[in-house]
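The structure under discussion appears below in the form of structure tokens.
The values are calculated or read from the model by the stated rules, or taken from the named source; none is laboratory data. Quantities reported herein were computed from a predicted structural model and do not represent experimental measurements. Counting neighbours? That spans all protein chains shown, and the Cβs are built from the backbone with ideal geometry, glycine included.
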Amino acid sequence: MVIKISSIPCPAEFDLHLFHEGTLYEGYKIFGAHLTELEEIKGVRFLVWAPNALSVSVVGDFNGWDGSRHKMERIQHSGTWALFIPELREGDFYKYEIHTAHGEKILKADPFAFYSEKRPNTASIIYTLNKYEWQDQKWMETRKKKDIYHKPMLIYEVHLGSWRKKANGDFYSYMELVDSLLNHVIQSGFTHIEIMPIMEHPFDRSWGYQITGYFSATSRYGTPEELMYFIDQCHQRGIGVILDWVPVHFCKDAHGLGRFDGTPLYESFDPLKAERPNWGTYNFDFEKPEVRSFLLSNAMFWLDVYHVDGFRIDAVSSMIYLNHDNHVNVTLKNKNGGEENLAAIQFIKSLNEAVFQKHPGILMMAEEATAYPLVSKPTYSGGLGFNYKWNMGWANDILRYMQLDMHERQFHHDLLTFSFFYTFSENFVLPFSHDEVVYGKRSLLNKMPGNYEQKFANLRLLYGYYMTHPGKKLLFMGSEFAQFDEWKDLTELDWNLFDYESHSKFYHYLVQLNYFYKNVSCLWRLDHESDGFEWVDPNNKTQSIIVFIRKGKRKGDYCIVVCNFSDTPYNGFRIGVPSYGNYLEVFNSDDRSFGGSGQCNEQRLQAERAPFHHQPYSMEITVPSLGMTIFMKETKKRRKDVMDNGIKKMDSHVISGRAGN
């Protein structure tokens, strides 16, 4: 039995108006398949946008995939099609059978489906998302008021399919990852997990960046409720969850968004603007208000329904520039003659305004690789409206520098210091992401020059500089224990490396560094303000040493950081300090417990009334080769901490071996 359009509970005319205006923020409540009741008959209401189709039918296992049995009816002048089918149940499979103006018959998954068949199958699944009972109310309330800019942030980037695998090669489920991944993240001292895209995608090796089901949590790892449980557990245990989100392009798979009603619908009618040749995908057409409504609703969906704490927005440069990383044979121009994608820029601003209005405290992080200005500034001051931007220039410069032979570094000293000319122009995240350890780029450890011991020393130094440089932090999985091989997405991480002392000690170093960072507020309190940083000596290129101060809000709340990028140690090395008194070494990457050689400053250091480095006082220190050392003014508490075990050994009881055991 099919109930005709006249009695179907169609969406409100105002909602359709907002959809066609590009300002419908909760389209997931209207479009797609929704269990409902009509005239005391239970069933499912379907709504799909396909303005150029000749006809649309709902097909599925309930009607033998026969398009003649459940034809949808067009809602006048809206380009949408609706149908109520009685007696359908949650779990039934379905697609839309679309007859195009060119005489084709195509089968499409529902763009608004909440759940999908496990690949390689591609049907949408009727599903409700109101069954899970959340227990993260305290986290959600606190998040609204949290001052994210003046708090520590350590993000662990993870690809769920290759973090760990079962003996038979199967994936761990969302539920199982609570006991392995979440425990590891907490033990390691991270504050957030960033998950590479988990929206439904057909090809494992796209890593989720070529999506077919934007509203559908991938069935590879379990059900939507299991994902909700994972996020809920993260929140209850103090860990934020960031999702990778891909609003720039989508894959061409036949059941996906491409040429959805037989014509370019979600993509541009202009093939030069629609095609992304080097990725083999279609670009979203931000000039279409319905596409903007689709993407705005998708962002709101993950925030509203799954309680995620923010997004890392992929490939923002390719959104805001028509020709960025787009290898077409002409140079595209906007109506003003420039290369900016004006519609995409306006969409980004509208997205950020809408998100922050409804969900204060959310993280909106742009992966943006150009010099486009004010990316992380509010829209009311002319910015794009994100609150964070990945500092990809810094990552490129420092990794280029660190791969140099130690004796060559003095000739490229500016790669160390150039970032400070712009580091306070945006709210930056410093990313050592998956992009840095794939496609033959080698792992972070294997990028480092020198012999075996020097590779580890260089990597400890790199992490020390990274942790003390202004900006929030992101580290890709496997880098926490210095995986030697680059990321292999078909297998799990090399957890067997914990059996080797050098890797086990390196993990111990990373954990201690994370905890030290979180406990020393001057390393993050003024991350985005120039008052939080002061050079002591940026110019010692001959010895490849830099010295700087990180400052907190209170007077006297500071630490002095010394980084030696050469393989030569120094005794009696003089540095300028801002105040008189005793200083303590509170962290040293060359500590023997970290796998270092033990070139440490064990005794308190007395500042002398001898100006140096434009500072009123100075002191002599031991500088380890390929080492990072941090000094702080002596207080009774700090002295006790160092004497008892050293601040650098705080919370050592949390360290254990292989993750997931």
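Just a few scattered comments:
- Close pairs from segment 426-441: first small (Gly, Ala, Ser), partner buried (at least 20 other Cβ atoms within 10 Å of the Cβ), Cβ under 7 Å, at least 6 apart: Ser433/Glu157; Ser433/Leu474; Ser433/Phe476
- Residues that are under 21 Å from Phe171 (Cα atoms) and assigned to a strand (DSSP E or B), drawn from segment 459-499: Phe476
- Hey, Asp244 in a loop (DSSP other than H, G, I, E, B), within 24 Å of Gly208 (Cβ to Cβ) and not hydroxyl-bearing (Ser, Thr, Tyr) or not: no
- Exclusive hit being under 22 Å from the mean Cα position of the chain (by Cα) and modelled with pLDDT of 95 or more, set Glu534, Glu492, Glu501: Glu492
- Selection within segment 604-636 - closer than 26 Å to Gln454 by Cβ and either within 38 Å of the chain's Cα centre (by Cα) or buried (at least 19 other Cβ atoms within 10 Å of the Cβ) (or both): Ile621, Thr622, Val623, Pro624, Ser625, Leu626, Gly627, Met628, Thr629, Ile630, Phe631
- Unique match (being touching a residue at least 12 places away in the same chain (Cβ under 8 Å) and more than 27 Å from Arg525 (Cα to Cα)) among Arg609, Arg604, Arg550, Arg592: Arg609
- Applying the condition of being in a loop (DSSP other than H, G, I, E, B) and surrounded by 19 or more Cβ atoms within 10 Å (Cβ to Cβ) to segment 327-361 and asking which residue is farthest from the chain's Cα centre (by Cα) yields Asn341.
- Checking segment 509-520 against the condition returns a match, with at least one residue being in contact (Cβ under 8 Å) with a residue 40 or more places away in the chain, assigned to a helix (DSSP H, G or I), farther than 21 Å from Lys151 by Cβ and under 28 Å from the mean Cα position of the chain (by Cα).
- Selection status of Asp304, surrounded by fewer than 23 Cβ atoms within 10 Å (Cβ to Cβ), in a loop (DSSP other than H, G, I, E, B) and acidic (Asp, Glu): no
- Selection from segment 209-229 of residues that are in a loop (DSSP other than H, G, I, E, B) and not β-branched (Val, Ile, Thr): Tyr209, Gln210, Gly222
- Any hit, segment 117-132, residues being of a type in the set (Lys, Arg), under 15 Å from Leu363 (Cα atoms) and out of contact with any Lys or Arg (no Cβ under 8 Å at 6 or more places or on another chain): no
- Candidate set: segment 257-289, residues that are in contact with a Gly (Cβ under 8 Å, 6 or more places away or on another chain) and surrounded by 20 or more Cβ atoms within 10 Å (Cβ to Cβ); chosen: the one nearest to Ala354 (Cα to Cα): Tyr266
- In segment 390-404, the condition of being under 19 Å from Ile148 (Cβ atoms) and outside the structural domain of Leu626 (by TED's automatic domain parsing) is met by at least one residue.
- Cβ-Cβ contacts under 7 Å between residues 6 or more apart (or on different chains), taken from a first residue in segment 95-106 that is over 10 Å from Gly67 (Cα atoms) and free of Cβ contacts under 8 Å to residues at least 24 places away in the same chain to a second residue that is surrounded by 11 or more Cβ atoms within 10 Å (Cβ to Cβ) and charged (D, E, K, R), are absent.
- If the condition is being touching an Asp or Glu at 6+ places or on another chain (Cβ under 8 Å) and of a type in the set (D, E, K, R), then segment 589-607 contributes Glu602, Arg604.
- Flag for Glu486 being over 27 Å from Arg550 (Cβ atoms) and surrounded by fewer than 18 Cβ atoms within 10 Å (Cβ to Cβ): no
- The residue that is surrounded by the fewest Cβ atoms within 10 Å (Cβ to Cβ), among those in segment 391-425 that are without any contact (Cβ under 8 Å) to a residue 40 or more places away in the chain and closer than 24 Å to Met196 by Cβ, is Asn396.
- Complete set of residues in segment 119-139 that are hydroxyl-bearing (Ser, Thr, Tyr) and touching a helix residue (DSSP H, G or I) at 6+ places or on another chain (Cβ under 8 Å): Tyr127, Tyr132
- Residue in segment 549-562 that is modelled with pLDDT under 95, on the phi > 0 side of the Ramachandran plot, out of contact with any Cys (no Cβ under 7 Å at 6 or more places or on another chain) and not polar (S, T, N, Q) present: yes
- When restricted to residues that are closer than 28 Å to Lys358 by Cα and out of contact with any Ser or Thr (no Cβ under 9 Å at 6 or more places or on another chain), segment 317-339 contains 2.
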